[in-house]
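One structure below.
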Amino acid sequence: MEFILHILEHAFTDTIRLAPFLFLTYLAMEYLENKAGEKTVELLLNTGKKGPVLGGILGVLPQCGFSAAAAGLYSGGVITVGTMLAVFLSTSDEMLPIFISERAPLSDILWILGAKIVIGIVTGICVDWAVRFLNKGNQKGLHIHDICERENCHCEEGSILKSALIHSVQILVFLLLVAVVLEGVVEWVGMEKLVTAVSRYPVLSVFVSGLIGLIPNCAASVTITTLYLEGVLSAGSMMAGLLSCAGIGLLVLFRTNHGVKKNLMIMGALYGISVAAGLLTEVLFRIFG
């Protein structure tokens with residue numbers, strides 16, 4: 001019984017923290033589609049290179065809700081896929097608070113944050129350029145009502161406050177249910193033991209850390225950061241895990257964005273870029289470290 005209560009407590013705490021971010025995100029989306037002028041919408045949909053740059057910089061702030069907000073904004077057609085990926089790659093989740101609480105060297109904190117920002121921005125710009133070049137998946141305007149139709153929520157019949165509240169509650173309930181399952185799996189498997197076991201194999205450790213980072217749970221960033229500070233994980237493994245660690249953003253993406261194939265491609269790109277950056281970090285540290 002104590003084990004179950006522990007899981008429920010952690011799942012509820014992790015989920016409820018997202019409520020303000022989700023509500024404000026959907027409120028902004030509803031306002032843009034229903035109230036904002038055409039020029040404002042056009043400005044947001046055509047930010048070009050500024051989108052990934054802003055996403056890469058803002059994503060590094062120590063909070064767990066920005067990746068969820070980015071996924072929601074992408075699903076609603078407000079930001080590009082490149083901007084969302086920039087946020088996913090740069091988001092720090094629980095990393096920064098742990099570094100600060102453990103009094104990690106400032107130089108370590110700065111190079112890790114800087115690397116995440118640069119990788120996020122460069123990736124976002126390249127992905128948006130590739131999308132425009134291939135002429136696939138271009139922004140076609142806001143489409144929050146597409147989400148309403150899929151959810152069959154009839155929230156368009158009320159105010160934008162009501163609509164934003166309904167969407168937020170729906171997503172929060174979904175996230176809570178998934179969080180309970182994930183907490184149970186993490187507690188049962190023992191994620192820290194798994195990472196420690198593969199840490200003696202540097203290349204394999206990079207791939208495994210990247211996979212663990214994809215787990216939409218704060219335990220992923222906590223485990224990776226802690227093991228790096230303890231000297232169990234190498235810099236390359238740490239980088240791969242923290243880059244792919246998009247927090248709850250992936251869950252929100254799969255819940256709100258239509259097209260499982262496209263979502264899987266985004267997740268695959270996130271993982272591939274994270275592993276590639278981790279392997280490169282591993283090589284550089286072996287040469288210059």
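The values are calculated or read from the model by the stated rules, or taken from the named source; none is laboratory data. As the structure is a computational prediction, the values presented were derived from the model and not from experiment. Counting neighbours? That spans all protein chains shown, and the Cβs are built from the backbone with ideal geometry, glycine included. Accessible surface is based on the protein model in full, side chains and every heavy atom, while ligands, DNA and RNA are left aside. Shrake-Rupley method; radii C 1.70, N 1.55, O 1.52, S 1.80 Å.
Tabulated data
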| item | result |
| --- | --- |
| Verdict on Phe254 being part of a helix (DSSP H, G or I), modelled with pLDDT of 90 or more and more than 17 Å from Asp108 (Cα to Cα) | no |
| Candidate set from the range 127-147 (those that are open to solvent by less than 60 Å² (accessible area, probe 1.4 Å) and at pLDDT 80 or above); member that is farthest from Val252 (Cα to Cα) | Ala130 |
| Qualifying positions in the range 95-126 - crowded, with 22+ Cβ neighbours inside 10 Å and modelled with pLDDT under 90 | Met95 |
| Hey, Gly59 modelled with pLDDT of 75 or more, open to solvent by less than 10 Å² (accessible area, probe 1.4 Å) and more than 15 Å from the chain's Cα centre (by Cα) or not | no |
| Any pair with Cβ under 6 angstrom, 6 or more apart, that starts in the range 97-113 at a residue that is over 20 Å from Ile57 (Cβ atoms) and ends at one that is open to solvent by 40 Å² or more (accessible area, probe 1.4 Å) | Glu102/Leu229 |
| When residues of the range 225-235 are limited to those that are assigned to a helix (DSSP H, G or I) and free of Cβ contacts under 8 Å to residues at least 60 places away in the same chain, the one most open to solvent (accessible area, probe 1.4 Å) | Tyr228 |
